Amino acid sequence: MKKVVILFVAMTMLVKPLWPVAEYIMNYNYIVNVLCENKERPELKCDGKCYLAKQFAKESKENEKNPFGEKSPTLDILHAVFFKKISNIFLELESLQNTQHNFSNALIFISSLHVPDISEPPELV
């Protein structure tokens, strides 16, 4: 169901710029006879293309418009950084020496996975 909704939204976004063309095709006679600006000059053979060009311009202007409104964020956020100088760092030597033996038990398991003798593969007759 989620895929169908996503597909529907994607198709709507792809088809939206073509809506003026579909409207022009569906209402061709009305656009040519009533809405065409050049209906007094038939030698131009406009056939309502002037109306279609205006609709395309209007559609592209709507696409360029900011969907969040004309206001841009004007709030400046100041980041204050606080730090304290650390004068002395003490490391215990015992903890550093014990780190070498952390994985000694793992070697037992790794060495037990080794198979010393491998049998020969069978021969085909």
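If I go through the stretch 17-36 residue by residue, how many of them are among the acidic types (Asp, Glu) and exposed (fewer than 12 other Cβ atoms within 10 Å of the Cβ)? Walk me through it before giving the result.
To start, the set of residues in the stretch 17-36 that are among the acidic types (Asp, Glu) comprises 23.
From the residues that got through so far, the ones that are exposed (fewer than 12 other Cβ atoms within 10 Å of the Cβ) too are none.
Count: 0.
Answer yes or no as to whether Ile108 is more than 30 Å from Ala22 (Cα to Cα), of a type in the set (Val, Ile, Thr) and either assigned to a loop (DSSP other than H, G, I, E, B) or at pLDDT 65 or above (or both). Give the steps one after another, and end with the answer.
On the way: more than 30 Å from Ala22 (Cα to Cα): yes; of a type in the set (Val, Ile, Thr): yes; either assigned to a loop (DSSP other than H, G, I, E, B) or at pLDDT 65 or above (or both): no.
Here the answer is no, as Ile108 does not meet what is asked.
What residue, of Leu52, Leu44, Leu14, is loosely packed, with under 12 Cβ neighbours inside 10 Å and either free of Cβ contacts under 8 Å to residues at least 40 places away in the same chain or in contact with a helix residue (DSSP H, G or I) (Cβ under 8 Å, 6 or more places away or on another chain) (or both)? If you could, list the steps in order and put the result at the bottom.
Details: Leu52 fails: loosely packed, with under 12 Cβ neighbours inside 10 Å; Leu44 fails: loosely packed, with under 12 Cβ neighbours inside 10 Å.
Sole residue among the options that is loosely packed, with under 12 Cβ neighbours inside 10 Å and either free of Cβ contacts under 8 Å to residues at least 40 places away in the same chain or in contact with a helix residue (DSSP H, G or I) (Cβ under 8 Å, 6 or more places away or on another chain) (or both): Leu14.
Do you know which residues across the stretch 1-52 are in a helix (DSSP H, G or I) and either in contact with a strand residue (DSSP E or B) (Cβ under 9 Å, 6 or more places away or on another chain) or among the charged types (D, E, K, R) (or both)? Please lay out each step first, then the result.
Taking the stretch 1-52 as the starting set, the residues that turn out to be in a helix (DSSP H, G or I) are 2-26, 28-35, 42-44, 49-52.
Selection gives Lys2, Lys3, Lys16, Glu23, Glu43, Lys49.
The values are calculated or read from the model by the stated rules, or taken from the named source; none is laboratory data. This is a predicted model, so every value here is computed, not measured. Don't worry about glycine lacking a Cβ; one is built from the backbone with ideal geometry, like all the others, and counts go over all protein chains shown.
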